[in-house]
């Protein structure tokens, strides 16, 4: 007979379900960095030179060979909504068209696409992000975009995708150094805008402090804990999850080769908070280096999510078509390549696709991911949605 402890562990495991697993695609936000913080550098930029969203030829590799079902696709607000227009409903249609080509390539293959404005809850100066740009909704900054403009932006973008059931709306990448109450205000405005468009798909909402899971219940950068505010989010369709990032190096930055931070040790308070408020989460950024130490930490991280019913998905950081030998994660300044299929390190050796993805992560991709139906907290059965794609 099973002990009570074993029975409870079995029940928790049986209830856990990862619906979405895959990779973040980084590149649509590239090409704007300026060593002198000169605003406007690389804007609007040249597609295929300064920025690119996705190598469409890799979608078949990821889905057919690596068996993932989710791609998180980064874009830049200042390119989607040029500075001369301001944040809102008016888009650079050329940039949107290239972005839409990437989303179409993913969803036509039967995978899910997370739309990721990679702006740190800032708009108007991406020249040295995450440090530059005015905080959206900051009423003391006359240059800042308003919360109403942010809502209008999401209403327009969601309206364009409301018929594509394989889209997931990622409200914002890594808000930080701002009042947590304002993060909640902007998140809620985005949800309101998305739902007003008629879109029913899954939304994922970030917290403050770079939406770090380890600091969810703690003050971060002098601001109130995300846990004190984010439970107040309201979605009329109850189809919003919490967006979490969590790296494995000593300062949780994802910049060092040594892994020494455990998901189980650091995410316990977050997981308890999710359980208390009956919320779910996706970890849309995590990663590690190509060494034996990180192999174990990465394995433990994915297994932790699989073992806890509060987590419904993950995307590893990061692939993308224009990384070259550069590393998006955990490199301590070394050119180790990226998770992009075919990537190479600066010395010509296999890149992180081979040494991290194929070696460690691929075997941890769940066999029964969601393959059909509208994106939802509860898989394909969670929301009755509209079939087809509206463009």
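All of the numbers you see were taken from the coordinates with simple rules; none came from a lab. Remember, predicted model here, so these are calculated numbers, not experimental data. Reconstructed Cβ throughout: ideal geometry from the backbone, glycine too, with neighbour counts over all protein chains shown.
Here are the numbers for this structure:
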item	result
All-pairs Cα distance distribution in segment 288-352, expressed in whole percent, bin size 10 Å	22, 44, 27, 7, 0
Stretchable slack from residue 238 to residue 265, in nm (0.36 nm times residue separation minus alpha-carbon distance)	6.8 nm
Quarter of the Cα convex hull surface for the chain, i.e. its orientation-mean projected area (nm²)	18.6 nm²
Residue of 188, 129, 370 that the Gaussian network model of the chain assigns the largest fluctuation, springs spanning Cα pairs under 10 Å	129
Approximate spin-label separation residue 253-residue 60, in nm, with each point projected 7 Å along Cα-to-Cβ	4.1 nm
Ranked by how many other beta carbons lie within 10 Å on average, peptides 320-326, 93-99 from highest	320-326, 93-99
Bins of 10 Å, starting at 0 and running to the largest distance - Cα pair percent for segment 112-151	32, 48, 17, 3
FRET efficiency for residue 93 and residue 378, using Cβ-Cβ distance with R0 set to 56 Å, rounded to 0.05	0.95
Semi-axis lengths (Å, descending) of the ellipsoid that matches the C-alpha gyration tensor of segment 153-244	25, 11, 11
Share, in percent, of DSSP beta bridges within segment 13-372 that are antiparallel, nearest 5	10 percent
Cα-based Rg / Dmax (Å) for segment 234-365	15.5, 52
Descending semi-axes in whole angstrom, ellipsoid equivalent of segment 73-151, from the Cα gyration tensor	26, 13, 11
Label-to-label distance, nm, for residues given as residue 131 and residue 296 (7 Å Cα→Cβ offset)	3.7 nm
Cα pair distances in segment 47-188, grouped into 5 Å bins until the bin that holds the longest one, percent each	2, 10, 19, 22, 19, 14, 9, 5, 1, 0, 0
Of 86, 268, 209, the one that fluctuates the most in a GNM where the chain has Cα springs shorter than 10 Å	268
Length-normalised contact order for the chain - Cα pairs under 8 Å, 6+ apart - percent	18 percent
Rule-of-thumb Rg ratio for segment 124-206 [Cα; 2.2 N^0.38 Å; N residues]	1.12
Förster radius 22 Å - calculated FRET efficiency between residue 34 and residue 83 (Cβ-Cβ, nearest 0.05)	0.95
Semi-axis lengths (Å, descending) of the ellipsoid that matches the C-alpha gyration tensor of segment 162-300	27, 17, 13
